[in-house]
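In what follows, a single structure is set out as structure tokens and then discussed.
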Amino acid sequence: MTENQHPMTRSTDPAATDPAATAPVVTATDPWAPLPKGTISKEALSRPSQSFARATISSFLRTPLAVFGVIVVLLMTLLAVFGPMLSPHTYDRQNLAYVNLPPTMKVSEADGRFFYATQNLKVVELSADGRLVGAIDGGVEDPVKKRVNFELGSNTLTLDYKAKPARFLYDGQPVTNTQQMWNSEHVLGTDGLGRDILTRLMFGMRISLTIAVIAMAVNLLIGVAYGGISGYFSGNVDAVMMRIVDIVSTIPLILYVVLIQVLLANSGGFLSIVIALSTVYWVDMARVVRGQVLTVREQEFVHAARTLGTGNAKILGKHIIPHVTGSIVVTATMLIPSAIFIEAFMSFIGLGVAPPMASLGTMANDALATLRSSPYQLFIPAAAICVLMFAFNFIGDGLRDALDPKQRR
Amino acid sequence: MARYVVKRVLFMFAALLVIATITFFMMHAIPGGPFTSDRNLPPDVEAALRDKYRLDDPILVQYGNYMLGLFRLDFGPSFKYEGMQVNDLIAAGFPVSAQLGLVTMAFALAIALPMGIMAALKNGKWQDVVTMVLATIGVALPSFVIATLLMYVFSLKLGVLPAFGLDSPQAFIMPVIAGAGFALAFIARLVRASLLEELGRDYIRTAKAKGLKPSVIVVKHALRNALIPVLAILGPTLAGLITGSFVIEKIFAIPGLGQQFVNSISNRDYTAIMGVTVFYAAILITMMFLIDILYSLIDPRIRLK
């Protein structure tokens, strides 16, 4: 693309828009040879003019990472919205018979039946296709031999936990026929209370995304209104409002969020996290909007509107803010991952949503205690957080490049 | 300059005053008070406790006393630890956190600066791509994810690094890496971007035209200017490192101030929460102030008014 593509160079000469006249002529060998006169119109645009929105979208769509980010976010949103409805499990139903079952289990086959020993020496029977048949009860523990004996009709199943990992004996004979089996009932396993992790994950994503989107929306409203008013009225109003922002931004925000969270802890974690996040993080947005409004308000169309007697609210809302949309969109997109991040962080230090609700952060926090025996319980929510963070970061970067005309190719 | 410094100092105090006030009233707005939550105290014991901590005074009197205490750097007694002052808690935790924070910062800079410089010099080559991929990962991965993954691999699976404490030099490795992740990625990206910008400027072309060695051009000319924006973000970054340490200290069971803060939250130890918050805020604000002053001293283009 050439430098002189400003819309002002658009010609009114009909000949200039004639495609034949604008077609570039490829000269054979010498790149420095002068073109024949009249083959190129200086006034013509080298490509069709595009509206800002269309140019932005097409530029955005040409960034593979950003498109990937959008697809991932859409998929995860669908999963978060519809997943818990379609799941046969609920996020809060506990099943103490099936505690800490991993996604893949090393099962031992004896007499055509499949057995799996959990970390807490409970035995679960599986069918051949990985469905859970039931827990085997009535084990008699022999602490001296470090064994647990189960009566299965006329046979005895023995779990020997002298050496790790524990192994099975069937009628006294070691069971050698073992295989890895997918947990087809709980695809991502169960947690320490026997709750289905996939369902909790989808539910947790729903909570985390909801918190992030609400916080983003509130911050957007407050930030745009605050920054817009401050920049538009400038002068003393601006001075006072920006000093307030200065003070707020010197406050380490995370401390403030923690304080609000402590204060509102009794009203249930979800609401207080939303309030905590949305009352604080508008400061950046206010700064960005104010800076942009300060430059836009000096432009002629604003003076024109004012001369025509348009009210302040209308000038700000209808004439100025639309010019600032680009930076608002980028800042808002970047607010979502930071809200997810802060929510996970708060949940992780024990200030998250109240149990039995799940968010990605609380799931990671709960898993920390059993990291040694059931690491998958941590990896799954951690992976979900990372994927979300990546996706939103990609979208934000892509939007920033797409909305910046200097970067456009 | 002097006017600016005075103005900034006044701001610092205003911000601290606001923080202390917000903190105080928030802690007192919590319904039920500190002694009614978990255990059922006999009424006379509770009355004695309330009397001891002067909780029956009018709230403004309590506020006045608290603020007067703050001016004498006295954060009052802890609610949960009998006979402990909040000052004692801070004095016990802060040196540990500061040590960890400084090592983390040094580590982040030691890795990020060469990485960013290399990425800028090899713009578009594989070194650049690798750096940017790593930097994106570092920005997107929460520190607790890095920390727990490191702990799982190196302590639980391989058993080569201690899983908690800060007793030996090896014990620093995981907390420092996990804590530095974000800062490291952020600084590396910034160094790259700003060095690329400087390398495209006219004075670099002049230096090249005069036949200076490439190393001299980069180190003596471009880098000096390129590092100025890096300096500007050191304040907020350090702040981030210190607050990020809540999680790191919790995971690795490091008895620092962050751990103290998290504990006082889960114990609902209101005076400790207030004290640690105000202390944290004071440290962070002072650091940002010092770095801003340093910034203006180094870059003559920035005139502080």
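Give the number of residues within the range A:309-347 that are at positive phi and either within 14 Å of chain B (Cβ to nearest Cβ) or in contact (Cβ under 8 Å) with a residue 12 or more places away in the chain (or both). Explain how you work it out, then say what you get.
Here is the first cut: in the range A:309-347, the ones at positive phi are A:309.
This time we only want the ones that are either within 14 Å of chain B (Cβ to nearest Cβ) or in contact (Cβ under 8 Å) with a residue 12 or more places away in the chain (or both), so: none.
Here the count works out to 0.
Being within 22 Å of the chain's Cα centre (by Cα) and within 27 Å of A:ALA383 (Cα to Cα) narrows it down to one residue among B:ALA110, B:ALA135; which is it?
Values: B:ALA110 fails: within 27 Å of A:ALA383 (Cα to Cα).
So the residue among B:ALA110, B:ALA135 that is within 22 Å of the chain's Cα centre (by Cα) and within 27 Å of A:ALA383 (Cα to Cα) is B:ALA135.
Tally up the residues in the range B:233-248 that are within 24 Å of B:LEU73 (Cβ to Cβ) and within 10 Å of chain A (Cβ to nearest Cβ), please.
So the count comes out to 4.
Among the residues of the range A:60-71, what is the count of those that are touching a Leu at 6+ places or on another chain (Cβ under 8 Å) and crowded, with 17+ Cβ neighbours inside 10 Å? Break it down stepwise before answering.
So the first thing to find is which residues in the range A:60-71 are touching a Leu at 6+ places or on another chain (Cβ under 8 Å), and the list is A:60, A:66-67.
From the residues that got through so far, the ones that are crowded, with 17+ Cβ neighbours inside 10 Å too are A:60, A:66.
So the answer is 2.
Of the numbered conditions (1) part of a helix (DSSP H, G or I); (2) of a type outside the set (S, T, N, Q); (3) modelled with pLDDT under 85; (4) over 14 Å from A:VAL329 (Cα atoms), A:ASP397 fails exactly one; give the number of that condition.
Only one criterion is unmet by A:ASP397, namely (4).
Are any residues in the range A:208-228 closer than 25 Å to A:MET85 by Cα and touching a Gly at 6+ places or on another chain (Cβ under 9 Å), and if so, which ones? Please lay out each step first, then the result.
Taking the range A:208-228 and keeping what is closer than 25 Å to A:MET85 by Cα, we get A:208-215.
Correct list: A:SER208 only.
What are the residues in the range A:77-120 that are assigned to a helix (DSSP H, G or I) and free of Cβ contacts under 8 Å to residues at least 40 places away in the same chain, if any? Spell out how you get there, then give the answer.
Taking the range A:77-120 as the starting set, the residues that turn out to be assigned to a helix (DSSP H, G or I) are A:77-86.
Across the range A:77-120, the qualifying residues are A:LEU78, A:PHE82, A:MET85, A:LEU86.
Can you find, within the range B:124-183, the residue that is nearest to the other protein chains (Cβ to nearest Cβ) among those that are farther than 27 Å from B:GLY93 by Cβ, part of a loop (DSSP other than H, G, I, E, B) and among the aliphatic types (A, V, I, L, M)?
B:LEU158
Being basic (Lys, Arg), at pLDDT 75 or above and surrounded by 13 or more Cβ atoms within 10 Å (Cβ to Cβ) is the requirement here; does A:ARG93 meet it? So that I can check it myself, show each step before the final result.
On the way: basic (Lys, Arg): yes; at pLDDT 75 or above: yes; surrounded by 13 or more Cβ atoms within 10 Å (Cβ to Cβ): no.
Criteria not met by A:ARG93.
Considering only residues that are in contact with a Leu (Cβ under 9 Å, 6 or more places away or on another chain) and modelled with pLDDT of 80 or more, look in the range A:348-363 and name the one that is nearest to the other protein chains (Cβ to nearest Cβ). So that I can check it myself, show each step before the final result.
Initially, the range A:348-363 is screened for residues in contact with a Leu (Cβ under 9 Å, 6 or more places away or on another chain), giving A:348, A:356, A:358, A:360, A:363.
Those still in the list that are modelled with pLDDT of 80 or more too: A:358, A:360, A:363.
On the way: A:ALA358: 16, A:LEU360: 10, A:MET363: 12 Å.
Going through the qualifying residues, I end up with A:LEU360.
Name the residue that is nearest to A:PHE348 (Cα to Cα), counting only residues in the range A:364-375 that are in contact with a helix residue (DSSP H, G or I) (Cβ under 8 Å, 6 or more places away or on another chain) and more than 10 Å from chain B (Cβ to nearest Cβ). Show your work before the answer.
Step one: filter the range A:364-375 for residues in contact with a helix residue (DSSP H, G or I) (Cβ under 8 Å, 6 or more places away or on another chain), giving A:364-368, A:370-372, A:374-375.
From what's left, more than 10 Å from chain B (Cβ to nearest Cβ): A:366, A:370, A:374.
Numbers: A:ASP366: 8, A:THR370: 15, A:SER374: 18 Å.
Applying the filter and picking the extreme gives A:ASP366.
Could you grab me the full set of residues in the range A:211-251 that are within 14 Å of chain B (Cβ to nearest Cβ), of a type in the set (A, V, I, L, M, F, W, C) and under 25 Å from B:PHE11 (Cα atoms)? Spell out the reasoning first.
Filtering the range A:211-251 down to residues within 14 Å of chain B (Cβ to nearest Cβ) leaves A:212, A:239-240, A:242-251.
Going one step further and asking which of them are of a type in the set (A, V, I, L, M, F, W, C), we end up with A:212, A:239-240, A:242, A:244-245, A:247-248, A:251.
Of everything in the range A:211-251, those that are within 14 Å of chain B (Cβ to nearest Cβ), of a type in the set (A, V, I, L, M, F, W, C) and under 25 Å from B:PHE11 (Cα atoms) turn out to be A:ALA239, A:VAL240, A:MET242, A:ILE244, A:VAL245, A:ILE247, A:VAL248, A:ILE251.
Of these, B:SER215, B:SER194, which one is at pLDDT 85 or above, away from every other protein chain (no Cβ under 13 Å) and under 30 Å from B:PHE289 (Cα atoms)?
Details: B:SER215 fails: under 30 Å from B:PHE289 (Cα atoms).
When all the criteria are applied, what remains is B:SER194.
Return yes or no: is B:GLN85 in contact with a strand residue (DSSP E or B) (Cβ under 7 Å, 6 or more places away or on another chain) and at pLDDT 75 or above?
Numbers: in contact with a strand residue (DSSP E or B) (Cβ under 7 Å, 6 or more places away or on another chain): yes; at pLDDT 75 or above: yes.
When the stated conditions are applied, B:GLN85 passes them.
Given (1) buried (at least 21 other Cβ atoms within 10 Å of the Cβ); (2) at pLDDT 85 or above; (3) more than 30 Å from A:SER374 (Cβ to Cβ); (4) in contact with a Pro (Cβ under 9 Å, 6 or more places away or on another chain), identify the lone condition not met by B:ALA135.
(4)
Just name the residue that is surrounded by the fewest Cβ atoms within 10 Å (Cβ to Cβ) out of those in the range B:200-256 that are part of a helix (DSSP H, G or I) and of a type in the set (Phe, Trp, Tyr).
Restricting attention to the range B:200-256, the residues satisfying the condition of being part of a helix (DSSP H, G or I) are B:202-209, B:214-251.
Add one more test, that the residue is of a type in the set (Phe, Trp, Tyr), and what stays is B:203, B:246.
Details: B:TYR203: 12, B:PHE246: 27.
The qualifying residue surrounded by the fewest Cβ atoms within 10 Å (Cβ to Cβ) is B:TYR203.
May I ask you to say which residue of A:ALA344, A:ALA391 is closer than 15 Å to B:VAL145 by Cβ, of a type in the set (Gly, Ala, Ser) and within 15 Å of the chain's Cα centre (by Cα)? It would help to see each step written out before you state the result.
Working: A:ALA391 fails: closer than 15 Å to B:VAL145 by Cβ.
So the residue among A:ALA344, A:ALA391 that is closer than 15 Å to B:VAL145 by Cβ, of a type in the set (Gly, Ala, Ser) and within 15 Å of the chain's Cα centre (by Cα) is A:ALA344.
Name the pairs: first residue in the range B:260-272 and more than 9 Å from chain A (Cβ to nearest Cβ), second residue surrounded by fewer than 23 Cβ atoms within 10 Å (Cβ to Cβ) and in a helix (DSSP H, G or I), Cβ to Cβ under 6 Å, at least 6 apart or on different chains?
If the second residue must be surrounded by fewer than 23 Cβ atoms within 10 Å (Cβ to Cβ) and in a helix (DSSP H, G or I), the pairs left are B:GLN260/B:GLY93.
So A:ILE385 ticks every box in (1) part of a loop (DSSP other than H, G, I, E, B); (2) at the interface with chain B (Cβ under 8 Å from one of its Cβ atoms) but one. Which box is left unticked?
That leaves (1) as the condition not met.
Search the range A:174-200 for residues that are within 20 Å of A:LEU96 (Cβ to Cβ) and pair each with any residue that is among the basic types (Lys, Arg) and assigned to a loop (DSSP other than H, G, I, E, B) when their beta-carbon atoms are under 7 Å apart and the residues are at least 6 apart or on different chains.
Close Cβ pairs satisfying both conditions: A:GLU185/A:ARG131; A:ARG195/A:ARG93.
Give me a count of the residues in the range B:78-89 that are closer than 18 Å to B:PHE24 by Cα and surrounded by 19 or more Cβ atoms within 10 Å (Cβ to Cβ). Explain how you work it out, then say what you get.
Applying the first criterion (closer than 18 Å to B:PHE24 by Cα) to the range B:78-89 yields B:78-80, B:85-87.
Going one step further and asking which of them are surrounded by 19 or more Cβ atoms within 10 Å (Cβ to Cβ), we end up with B:78-79, B:86.
Matching residues across the range B:78-89 total 3.
Across the range A:354-392, what is the number of residues that are farther than 23 Å from B:GLY159 by Cα and surrounded by fewer than 20 Cβ atoms within 10 Å (Cβ to Cβ)?
7
The values are calculated or read from the model by the stated rules, or taken from the named source; none is laboratory data. What you see is a predicted model; the values in this text were computed from it and never measured. Virtual Cβ from ideal backbone geometry, glycine too; neighbours counted across all protein chains shown.
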